[in-house]
Amino acid sequence: MKPTLTILKIGGNVIDLPSSLETVLSDFASWREHKALVHGGGKQASSLMNRLGIAPQMVNGRRITDRQTLDIVTMVYAGLINKNIVATLQKHACNAIGLSGADAGVIPATKRPVKETDYGFVGDVIPADIRAEQLSRFIDMGLAPVIAPITHNREGSLLNTNADTIASGVAVALSQYYRVQLVFCFEKNGVLRDPSDDHSVIARMDEALFLQCKNEGVITAGMIPKLENAFAALHGGVAGVRICSPEGVENGGTSISL
């Protein structure tokens, strides 16, 4: 039987609020089984850009990454945020190792082709290209990989990649070695029927209900790609997926099924 691996993805206001981040990292550190963490960038990159007089550019909630923006998100995501998370986990006796996708070549990506929008230095990831064997070596050594959403194109260029996509891809890639549980943790209690009511959590969501809620406008904006990544993970062999808040990271939120 494959050993269990839990991959926790944290993003949104969880990263921006120190108390929420401390809560979820403390829980993560206490888990006994194999584990890995993928984090987003929160609002810190946009805040730094504004302080430097550079206007962040977003299209449908996704960042346009020109060369100047790439430099900043690399510093913030793979540097400041990643290493602060690693230091906090070390405080909680979790032996974490911080990685970008370029480190040990673990996550190569392809620059997104220009269609309706030129996203710039944004990378798309194929799970089969992820170096799962290298990540599994770190994990089997007792290390907890902490992965920043910066990838590489095998030709010396870094790329900015959506953290939910990285979490889903890493979960699929590692499912050949482990029974993988993927947990998306953000500021809401789960997938909500009413975005203004934090108690309207949908306990279980399958693809049919997802399509129905999307067509009815119940699920919109950033929750759509998050759920698409969740279903992609399940179709790729991941054993289970949940979407929850820091308070529900152990067993709360919305359970996703096919």
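Quick note: the coordinates plus some simple rules give every number you see, no bench work behind them. Everything quoted here is computed from the prediction, not taken from an experiment. Because the Cβ atoms are built from the backbone with ideal geometry, glycine has one as well, and the counts that use them run over all protein chains shown.
As a proxy for reagent exposure, Lys115, Lys214 were ordered by neighbouring Cβ count within 10 angstrom, fewest first; the result is Lys115, Lys214. Pairs of Lys residues in the chain that lie 8 or more places apart, or on two chains, and have C-alpha atoms under 14 angstrom apart add up to 7.
Length gained on full extension, Ile224 to Arg32: 65.9 nm, using 0.36 nm per residue less the C-alpha separation. Taken over the alpha carbons of the stretch 87-226 as equal point scatterers, the Debye sum produces base-10 log I(q)/I(0) values at 0.17, 0.18, 0.19 Å⁻¹ of -1.07, -1.13, -1.17. Dipole orientation for the chain: of the candidates Ile97, Gly190, Ile64, Ile97 has the Cα lying most toward the positive pole (charges on Cβ; Lys, Arg +1; Asp, Glu -1).
Once the chain from Val59 to Lys43 is taken as fully extended at 0.36 nm per residue, the excess over their C-alpha distance is 4.2 nm.
With helices as the sole contributors, the chain gives -9500 deg cm²/dmol at 222 nm; each DSSP H run of n ≥ 4 counts as -39500 (n - 2.57), and the sum is divided by every residue. The listed peptides 159-168, 40-49, ordered by packing as a protection proxy, come out as 159-168, 40-49 (highest mean of other Cβ atoms within 10 Å first).
Over every Cα atom in the chain, the radius of gyration and the widest Cα-Cα span, Dmax, amount to 17.2, 54 Å.
In the frame of its principal axes, the stretch 1-58 has Cα extents of 53, 24, 13 Å, reported largest first.
Cβ-to-Cβ counts within 10 Å put Met223, Met141 in ascending order as Met141, Met223, the fewest first.
Residue exposure proxy: Val218, Val59, ordered by other Cβ atoms within 10 angstrom of their Cβ from fewest to most, comes out as Val59, Val218.
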